[in-house]
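Asker: First, the structure itself, so that you have it in front of you.
The values are calculated or read from the model by the stated rules, or taken from the named source; none is laboratory data. Note that the coordinates shown come from a computational prediction; the quantities given were computed from them, not determined experimentally. Virtual Cβ from ideal backbone geometry, glycine too; neighbours counted across all protein chains shown.
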């Protein structure tokens with residue numbers, strides 16, 4: 001089924017080139033340029049967002065900076081509470097779920113766990129990562145997100161925070 005909404009053909013222009021689109025793109029680029037969190041945690045959070053939102057493109061790429069996130073580790077995000085992931089990663093994913101699914105789940109115990117395992121700067125970055133990786137929800141709901149290639153592809157970001165989808169993994 002084709003989209004009823006015409007998609008832009010120039011990838012350098014965010015969505016439809018409106019001021020809001022440019023502001024969202026600038027926010028997203030600023031978030032991915034942050035480096036307080038380690039690449040593995042960032043990638044697991046990104047993958048959890050992709051899975052919860054059912055973003056086909058986001059599920060089909062793997063950030064090359066998080067080299068230790070292989071497919072056996074990536075599948076752990078779906079059942080993170082009972083997974084072999086570290087406590088730090090389970091808490092990060094619990095916080096991600098709270099933001100996406102039920103903010104009231106960010107209770108005192110979760111906040112205490114987050115503060116014990118992460119610095120305030122890391123918590124801020126993690127929360128901004130969740131917002132950044134949730135910005136595509138409207139496109140996913142309408143199924144107008146960019147279609148993924150077959151199989152997994154490399155994901156990286158340039159110095160300006162612009163995403164680059166590379167070769168097959």
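Asker: Can you run down the residue pairs with Cβ atoms below 8 Å, 6 or more apart or on separate chains, where the first is in segment 141-169 and without any contact (Cβ under 8 Å) to a residue 24 or more places away in the chain and at negative phi and the partner is assigned to a loop (DSSP other than H, G, I, E, B) and surrounded by 14 or more Cβ atoms within 10 Å (Cβ to Cβ)?
Answerer: Final answer for the pair search is 168/152.
Asker: For segment 119-145, enumerate the residues that are more than 19 Å from residue 30 (Cβ to Cβ) and touching a helix residue (DSSP H, G or I) at 6+ places or on another chain (Cβ under 7 Å).
Answerer: Answer for segment 119-145, where residues must be more than 19 Å from residue 30 (Cβ to Cβ) and touching a helix residue (DSSP H, G or I) at 6+ places or on another chain (Cβ under 7 Å): 137, 140, 145.
Asker: Being in a loop (DSSP other than H, G, I, E, B) and modelled with pLDDT of 90 or more narrows it down to one residue among 159, 124, 112, 147; which is it?
Answerer: Exactly one of 159, 124, 112, 147 is in a loop (DSSP other than H, G, I, E, B) and modelled with pLDDT of 90 or more, namely 159.
Asker: If you take just the helices (runs of 4 or more DSSP H) that sit entirely in segment 45-104, which of them hold at least 3 residues that are touching a residue at least 40 places away in the same chain (Cβ under 8 Å) and crowded, with 20+ Cβ neighbours inside 10 Å?
Answerer: 87-101
Asker: For residue 120, are the conditions met, namely being free of Cβ contacts under 8 Å to residues at least 12 places away in the same chain, within 23 Å of residue 35 (Cβ to Cβ) and more than 19 Å from the chain's Cα centre (by Cα)?
Answerer: Details: free of Cβ contacts under 8 Å to residues at least 12 places away in the same chain: yes; within 23 Å of residue 35 (Cβ to Cβ): yes; more than 19 Å from the chain's Cα centre (by Cα): yes.
Against the criterion (free of Cβ contacts under 8 Å to residues at least 12 places away in the same chain, within 23 Å of residue 35 (Cβ to Cβ) and more than 19 Å from the chain's Cα centre (by Cα)), residue 120 qualifies.
Asker: Still on this structure: Which condition number does residue 148 fail, the rest of (1) in contact with a helix residue (DSSP H, G or I) (Cβ under 6 Å, 6 or more places away or on another chain); (2) more than 22 Å from residue 31 (Cβ to Cβ) being met?
Answerer: (2)
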